[in-house]
């Protein structure tokens, strides 16, 4: 798997660090994160961020979504149309604690309670949207796009509807990108300039 992922790097402009050097996630950090989450992260993802960490590709890259509608569309319940997306961009992967803003630990903390608890942020698109990894349930092992423009708020929902937010509503801004981390890397392509 590692070779299949690395074989894509030249097509995407190579892999470059965010900052001066690569800041990988250490084994100690992985152990801590996995203990808190109660899961074991897939080996291909662990290998990637364990070697490269906070990183990006040398070219601007994008991906096409497998599903252009949210995983669980709920527009009729909320009364506003949820946007359709066909593609997204990848800016940078999160890395080790020393990467500061680009650390996986910081991203986990920043997005805790803001996205479904079956997924974690692993990268950003440069504009606040997140590329996420499914860690539990039917999302396990899959890669998703999380749109921050349509972020939900449980307290607002409770005030507006008088009941707790159903689990499906938390997916109103989540789109499937890939079936696995390797599939995600395989689906990345250089951004086409017009």
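In the condition set (1) more than 21 Å from residue 134 (Cα to Cα); (2) at pLDDT 95 or above, residue 29 is compliant with all but (1).
Within region 1-41, being touching a helix residue (DSSP H, G or I) at 6+ places or on another chain (Cβ under 8 Å), closer than 23 Å to residue 190 by Cα and part of a helix (DSSP H, G or I) holds for 2, 4, 5. Out of region 121-173, which residues are in contact with a helix residue (DSSP H, G or I) (Cβ under 7 Å, 6 or more places away or on another chain) and at positive phi? Listed by number, the list holds a single entry, 128. If you take the residues of region 81-98 that are assigned to a strand (DSSP E or B) and more than 16 Å from residue 23 (Cβ to Cβ), which of them is modelled with the lowest pLDDT? Result: 87. Scanning region 42-62 for residues that are crowded, with 21+ Cβ neighbours inside 10 Å and assigned to a loop (DSSP other than H, G, I, E, B) yields 52, 54.
Picking from residues in region 79-110 that are without any contact (Cβ under 8 Å) to a residue 24 or more places away in the chain and out of contact with any helix residue (DSSP H, G or I) (no Cβ under 8 Å at 6 or more places or on another chain), the one that is surrounded by the most Cβ atoms within 10 Å (Cβ to Cβ) is 107.
The values are calculated or read from the model by the stated rules, or taken from the named source; none is laboratory data. Everything quoted here is computed from the prediction, not taken from an experiment. Using ideal geometry, Cβ is built from the backbone for each residue, glycine included, and neighbour counts are taken over all protein chains shown.
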